[in-house]
Amino acid sequence: MALTFAAVGALIGLFGAALNIQARLQSPWVLGVFAVFFVVFALAMFDVFNLRLPAFIRGPAENLGNRAQGGSIPGAAVMGALSSLVVSPCISAPLAGALIYISATGDAWGGALRLFALAIGMGVPLILVAMFGKTLLPRSGPWLNQVKQAFGFGLLAVAIWLLERIIPGPLSLALWAALAAGVAVQLGLFDRGPRSGIARVAQAAALLFAIYSAAALFGALAGSSDPLRPLHALGNSSSAVNNSETSYFTKVTTAEGVRQQLEQARAAGRPAIVELSADWCISCKVIEREIINHPSVRAGLDGFVRVQLDVTDNTADQRAWLTEQQLFGPPAFLFLDSQGQEIPELRIQGEVPRETFIRYMNAAVEAG
């Protein structure tokens, strides 16, 4: 993971935001293939089948493995590189700050070293688990089958999480409902034998998962898409409007579209806000749900010309605009005054609390 981040830092130092490897990997084909892999691995965890290499490959591989110490370093390296680039494409505030500095300096070596250090810090928990895992974990036994099945559900959750970026919201909520139903059955929802101790706790948890599954499925059929609030659509007759950020923001996909909207705002003497978003950006969906759809935020944004640049397709024109604005990916927000000039100190990159967003928004209103 650290070497992958170092390579990205060097490339950003050389080419700037025009080279966004993570965004380029967020295509339906790539995400779909990875989701299929996770589902296959999960089914193997449930003993639906055994993942085994053909004998003519397995024999030599086992002989080689018996002579090797520990696991496969190349395999671990590939796993870390792919997880860095495919699983987490959204830009966080610390990473955005580092990328802006690297791009501005054009220092490939410095960029590589800085992101290498950042990734090493992120990987410290993994190193600790690798070093002390055996001493901290209990001895093997039947409980490992339960752990294996728990990991199977975790793999299915990752597959749904990846697919959320490319499938409709109600469909993803229906998948979460199916997963919760599977967990409920695994915990013994339909077991009728006498239970005591931890078994009773598991059955109570199974009942809660079953209730959530029913609520999520019902919410999905009603058009809801939020797994944290599956019945939200039923409690608001105008949810189809409130749950759609693009109906509140003017959605454009080109730099020229952004310029036209900002020119109209300047001609009208109104402040503007530009949001950078993408369908594959999970953080963007969190911001939409927790911030943009909040009544206090909408009341403050009503006076702004609201523009959303959708960079889902990651076109050359979009990458050029990102480079011009020193942005490296969604989510991000730019506030502009009534003269069409950005207020740099109010730029938001990555997820922020609602209170922070409101503070920046009010400061933009005061700046005029």
*What are the residue pairs meeting all of these: first residue in the stretch 328-353, first residue within 18 Å of residue 261 (Cβ to Cβ), second residue at pLDDT below 90 and open to solvent by 40 Å² or more (accessible area, probe 1.4 Å), Cβ atoms under 6 Å, and 6 or more apart or on different chains?*
337/367; 343/367
*Inspect the stretch 299-319 for any residue being touching a helix residue (DSSP H, G or I) at 6+ places or on another chain (Cβ under 9 Å), of a type in the set (Val, Ile, Thr), more than 14 Å from residue 364 (Cβ to Cβ) and open to solvent by 50 Å² or more (accessible area, probe 1.4 Å) and give the result as yes or no.*
no
*Look at the stretch 258-297 and say how many of its residues are open to solvent by less than 10 Å² (accessible area, probe 1.4 Å) and more than 17 Å from residue 225 (Cβ to Cβ).*
8
*Please work out which residue is surrounded by the fewest Cβ atoms within 10 Å (Cβ to Cβ), limiting yourself to the stretch 92-135 and to residues that are at pLDDT below 70 and under 20 Å from the mean Cα position of the chain (by Cα).*
94
*Being open to solvent by 50 Å² or more (accessible area, probe 1.4 Å) and farther than 13 Å from residue 178 by Cβ is the filter; apply it to the stretch 204-217 and report the residue that is modelled with the lowest pLDDT.*
204
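Could you grab me the full set of residues in the stretch 179-203 that are of a type in the set (A, V, I, L, M) and buried (at least 16 other Cβ atoms within 10 Å of the Cβ)?
Scanning the stretch 179-203 gives 179, 180, 181, 183, 184, 187, 189, 202.
The values are calculated or read from the model by the stated rules, or taken from the named source; none is laboratory data. Everything numeric here is computed off the predicted structure, so don't read it as measured data. Cβ atoms come from the backbone with ideal geometry, glycine included; neighbour counts cover every protein chain shown. Heavy atoms of the whole protein, side chains included, go into the accessibility calculation; ligands, DNA and RNA do not. Shrake-Rupley method; radii C 1.70, N 1.55, O 1.52, S 1.80 Å.
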